[in-house]
Amino acid sequence: MDAPLAAGTRPPELSPDAAINHFLHTLRRPTRLLIAISGGSDSTGLLVTLAEVLRESRLPHTLAAATIDHGLRPASAGEAREVSTLCQRLGIPHRILQWTGEKPETGLSAAARLARYRLLSDAAASMGADAVVTGHTLDDQIETVAMRAGRSAGDALGLAGMAPATLYAGHIWILRPFLHTRRNAIRDHLRALLIEWIDDPSNDDPRYERVRIRQSAPADDPGMINRAGQRRATLSAAAAVWLAEHMETRPGPVAIISLSDGGHIPNDVRDHALATLVAILGGKPHRPAASSLNRLSAALDQGFDFRLTLSGTLALRRRSQLFLLRERRGLLPLSLAAYRTGIWDGRYAIVNKSAVEITVMPGPAREIGADLPGIAREALAGITPQVTAQYGFSVPERDLVTITPRLSLYADFLPLFDVPLADTIARLLGAEPAPPPLV
């Protein structure tokens, strides 16, 4: 077995044994890991190598495994049973979870991905796992970067690829220990152990974008991806510091950023901070388009007062202050049956603990400061969630309905690169910070 790497060491390529040995030694406490295994070479190699290294190292971690049967191919149920047999042979508890219900005619890959992580999260909770581990490889990373570069040439963030850890739905970390390991190295390792894997025919189907990218032989530069990941982490950390030092909030919420002593901030740091904040205040799951962000950046550079909107957020400059808040447009009501949960305007998680149906509507902020610009005061008169019930409540509303601020940009997936920035914005907006990463 390869020796663990020195702290901070992360070369472009690692053997399966070295990658897993390094990964297990970076876990900060005894951890129960749920392995997401499809039966393909990557996830089978992950399962086998984790079991092998744990057996030899005697580290205090434990394993469980889950297979998601998407029900998209006739052979999938039988393949899941084959995986179960392998797990039984290795002494690893295993469950098969099925993606049931109607499948969309378009966007099938994205829908399957969301369903997969939802089911894995459920499995982790029921099996007592602290994190989910997946078999994404260096080859997957190279393909991901090529796909993102092809979709948005102006977005340098995507060049960092997948993060080694991503927080799913605010509560379970997804860990990727093979991001520095080649698929061929994993397969060679499995062959040496006389362990077979399942080849999914969809991996060669050119109808899927990733397959087309793979067949086009994308540029292969692991060092470039590592540097891009380091740049993104540095950028997010600097953006977090800038917001912590220059931003205050008012009910609504309104973000007020002082520009008077922030003149030396690099534009890329400022723009990354503002793009993230704009998406969250507007309740959007994506940062604004490059063209919209360029308008905001250019207006700030000119130094004059302005008003513009982007991604549902109103941006106002008045002298040395920038005001950001949800624009008063496109806010729809939300009806929630008794004891149900929902998301209002992307910005708030609502829990109805009452026995009656409720409706969430836009209304005024609890405080609207007279010192705010008039346009901001007008918006604040109708952008904050207000709860009504047809027959009223028998006890105070606060005891029956929970309204929690939500970071829409990171609500589903928060990459490790952005944790300092997400936590800073959460603190400023009164939302919960992310649970600490395990690596």
- [ ] Could you work out how far apart the two model spin labels at residue 391 and residue 72 are, taking each label as a point 7 Å from the Cα in the direction of the beta carbon, and quote it in nm?
- [x] 4.6 nm
Task: Efficiency of FRET from Cβ geometry, residue 304 and residue 353, R₀ 60 Å, rounded to 0.05 - done: 0.80
Open item on the list: Given points 7 Å out from each Cα along the Cα-Cβ axis, report the residue 244 to residue 122 separation in nanometres with one decimal.
Closed with: 3.9 nm
Task: For region 220-229, 3J(HN,Hα) per residue [Karplus equation, 6.51 cos²θ - 1.76 cosθ + 1.60, θ = phi - 60°, Hz, x = Gly/Pro] - done: 10, 9, x, x, 5, 5, 4, 5, 5, x
- [ ] Over region 44-185, give the accessible area per residue in Å² for a 1.4 Å probe, as an integer.
- [x] 43 Å²
Task: Rule-of-thumb Rg ratio for the chain [Cα; 2.2 N^0.38 Å; N residues] - done: 1.08
Task: residue 260-residue 224 pseudo-label distance in nm [points 7 Å out on the Cα-to-Cβ vector] - done: 4.5 nm
Open item on the list: Strictly greater than 15 Å: what percent of every Cα pair in region 94-146 meets that?
Closed with: 61 percent
- [ ] Report the FRET efficiency, 1/(1 + (r/R0)^6), for residue 192 and residue 169, where r is their Cβ-Cβ distance and R0 is 35 Å, rounded to 0.05.
- [x] 0.40
Task: Euclidean distance between Cα centres, region 297-311 to region 335-388, Å - done: 28 Å
Open item on the list: If each DSSP helix of 4+ residues adds -39,500 (n - 2.57) and the sum is divided by the residues in the chain, what number results at 222 nm, nearest 500 deg cm²/dmol?
Closed with: -12000 deg cm²/dmol
Open item on the list: Could you identify which residue out of 374, 282, 382 has the top mean-square fluctuation in a GNM of the chain using Cα springs shorter than 10 Å?
Closed with: 374
- [ ] Scan around residue 401 for amide H atoms under 5 Å from its own, H built in the peptide plane at 1.01 Å from N, and keep only partners 5 or more places away or cross-chain.
- [x] 353
- [ ] Please report, as a whole percent, how much of the solvent-accessible surface of the chain comes from carbon and sulfur atoms (probe radius 1.4 Å).
- [x] 51 percent
Open item on the list: How compact is region 1-127 by the rule of thumb for globular proteins, expressed as Cα Rg over 2.2 N^0.38 Å?
Closed with: 1.17
Task: Net length gained if the chain between residue 370 and residue 109 were fully extended (0.36 nm per residue, minus Cα distance) - done: 89.0 nm
- [ ] Note the angle between two axes, namely the Cα long axis of helix 138-151 and the longest principal axis of the Cα atoms of the chain, as a number of degrees from 0 to 90, rounded to the nearest 10.
- [x] 40 degrees
TODO: Round to the nearest 0.05 the FRET efficiency obtained for residue 85 and residue 290 when R0 = 41 Å and r is the Cβ-Cβ distance.
DONE: 0.25
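The values are calculated or read from the model by the stated rules, or taken from the named source; none is laboratory data. Model, not experiment: these values are computed from the prediction. So basically every Cβ, Gly included, is an ideal-geometry build from the backbone, and we count neighbours across all protein chains shown. With ligands, DNA and RNA removed, areas are computed over all heavy atoms of the protein, side chains included. Shrake-Rupley method; radii C 1.70, N 1.55, O 1.52, S 1.80 Å.
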